[in-house]
Amino acid sequence: MSLIAGRPVQVVSTGMAVPSKTLDNHQLSKVVDTTDQWIVERTGIKIRHIASEGENASDLASCACRRALEKAGVSADTVDMIVVATNSPDTLFPAVSCRVQGIIGAVNSGAMDVQSGCNGSISAMSVGASGIASGLWNRVLVVGVEVLSRLIDWSDRSTCILFGDGAGAVLLEAGSKKGMLSCDLRADGTLCDYITLPAGLSALPASDETVRGKKHFVSMKGNEVFKFTQRVLPGYLSEVCAKAGLAPEDIDWWVFHQANMRIVEGVLRRLKVDRRKSIDNLDRYGNTSAASVFIALDEGYKDGRIVSGKGQKVLVTSFGAGMTYGAFVFES
Ligand code: ACO
């Protein structure tokens, strides 16, 4: 069952932050054997933001949270919980959420990180929304943040062209009108070798050999991931809509994980949904993993496509290492 029961949960505001440094395809083509044309045709990416030395996930996440709080006109000390989704934390512990809590001065808040591939964004939302619906918390910051540029092998053209750094935050509150309609999470752990970062933890502790073998970097079966999305997501998203009492054509805005434009277009085609209903920004940010859907949401609000209080139906969906996938539907 994926409908959200209990107290109404509302999306109050959003915020985002990206590093000021950028890297476009032409610059990348001087680093690895690739071209702007190949990257644009195969992925849709033109430019990505890359964190500078000393700029960490907690810095970007804190900035995105401050922007969401400012937009809502509420202070950090009124937040009950900060849930951060990330695959590139500053350190494994302490959690990024704890650093954020300290930086923004959310003195009355708890803090936790969720790690679930790019779909961590949806996992974090499930925690935040269900915590409010159950009465546990009243105000929650749900954040996705990545500095994956530090976990990428910059000599591997099959991965280094894809990723960008950034953060997106969503402020949730207990409201009077139902905002969050449903949230669903799935996984297929038999495919856990599709996207991995093999070394540096308990299975393969850091050693000279793991460093020489570049095992501390993201490794991906790109083709398999691509095929997985086309095989699984269209049917799954139809199911998500049906569980929320909706048909795909009832959704006003689709916010897909920004991994590859061909993935988004393929899924929309199979769902028979108008391409123009998708809020995309992959060309300007690349794949920001657990941050991507929240950055796209923030842009959707900022440019006036999503309007608070208008009751538009928005479906947000992601997939990633695990393989995990999931979606949530809310009314603006
Ligand atoms: N520039 C030029 N040529 C390249 C590049 C590049 N950057 N990368 C690969 N190629 C070459 C390959 O070597 C291959 O050459 P060959 O035919 O001579 O062997 C050819 O291009 C085709 O390679 P494919 O891997 O088949 O290319 P494909 O069209 O599948 O695109 C891509 C690769 C972009 C990675 C695609 O498979 C994809 O986007 N997959 C999904 C990735 C994804 O969504 N990952 C999510 C991970 S996020 C997370 O959870 C952390």
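Rounded to the nearest 5, what % of DSSP beta bridges with both residues in region 181-331 are antiparallel? Antiparallel bridges: around 75 percent, rounded to the nearest 5. Summing charges over all other residues whose Cβ lies under 11 Å from the Cβ of GLN312, with Lys and Arg as +1 and Asp and Glu as -1, gives +1.
Between amide H atoms placed 1.01 Å from N, distances below 5 Å from SER13 occur with LEU171, all of them 5 or more places distant or on a separate chain.
Per-residue ellipticity at 222 nm computed for the chain from its helices equals -9500 deg cm²/dmol, with DSSP H segments shorter than 4 residues left out and the rest contributing -39,500 (n - 2.57).
Put a dot 7 Å past the Cα of GLU249, heading toward its Cβ, do the same for LEU136, and the two dots end up 4.0 nm apart. Note on GLU224 and ARG276: their simple-model spin labels are 4.0 nm apart, each label 7 Å out from Cα toward Cβ.
Listed values for region 53-67 are Karplus-derived 3J(HN,Hα) couplings in whole Hz (6.51 cos²θ - 1.76 cosθ + 1.60, θ = phi - 60°), namely 3, x, 8, 10, 3, 5, 5, 5, 5, 4, 5, 4, 5, 4, 5, and x replaces Gly and Pro. Computed from phi, the 3J(HN,Hα) profile of region 304-317 under the Karplus parametrisation 6.51, -1.76, 1.60 (θ = phi - 60°) reads x, 6, 9, 10, 4, x, 7, x, 6, 8, 10, 10, 10, 9 Hz, with x in place of Gly and Pro. Give the long-range amide H neighbours of LYS178: residues separated by 5 or more places, or on another chain, with amide H under 5 Å away, using H modelled in the peptide plane at 1.01 Å from N. Result for LYS178 returns nothing.
Our coupling estimate for region 107-114, obtained by passing each phi through the Karplus curve with A = 6.51, B = -1.76, C = 1.60 and θ = phi - 60°, is 5, 9, 9, x, 8, 8, 9, 10 Hz, Gly and Pro reported as x.
Of the GluC sites (Glu not before Pro) found in region 53-129, those that fall in a DSSP loop while having at most 14 other beta-carbon atoms within 10 Å are GLU53.
The convex hull built on the alpha-carbon positions of the chain has an orientation-averaged projected area of 15.9 nm². Applying the criteria of a DSSP loop state and at most 16 other Cβ atoms within 10 Å to the GluC sites (Glu not before Pro) of region 171-268 yields no site.
The value of relative contact order for region 243-332, using C-alpha pairs under 8 Å at least six residues apart, is 33 percent.
Sum up the charges of everything whose Cβ sits under 15 Å from the Cβ of ASP80, counting Lys and Arg as +1 and Asp and Glu as -1, but leave ASP80 out. The partial results should precede the final answer.
On the way: positive: ARG7, ARG139; negative: ASP77, GLU173.
Taking every Cβ under 15 Å from that of ASP80, the sum is 0.
Give the share of C-alpha pairs in each 5 angstrom bin for region 45-183, from 0 to the last occupied bin, in whole percents, shortest bins first. Result, from short to long distances: 2, 11, 20, 22, 19, 12, 7, 5, 2, 0, 0 percent. Distance between the modelled labels on ARG42 and LYS178, one decimal in nanometres: 4.5 nm (7 Å Cα→Cβ projection).
Contour minus end-to-end for ALA5 and THR196, with contour as 0.36 nm per residue of separation and end-to-end as the Cα-Cα distance? Mind showing how you got there, number by number?
Numbers: separation 191, 0.36 × 191 = 68.76 nm, distance 3.50 nm.
Contour length minus Cα-Cα distance gives 65.3 nm.
Quick note: the coordinates plus some simple rules give every number you see, no bench work behind them. These numbers come from a predicted model, not from an experiment. With ideal geometry, Cβ positions are generated from the backbone for all residues, glycine too; neighbour counts draw on all protein chains shown.
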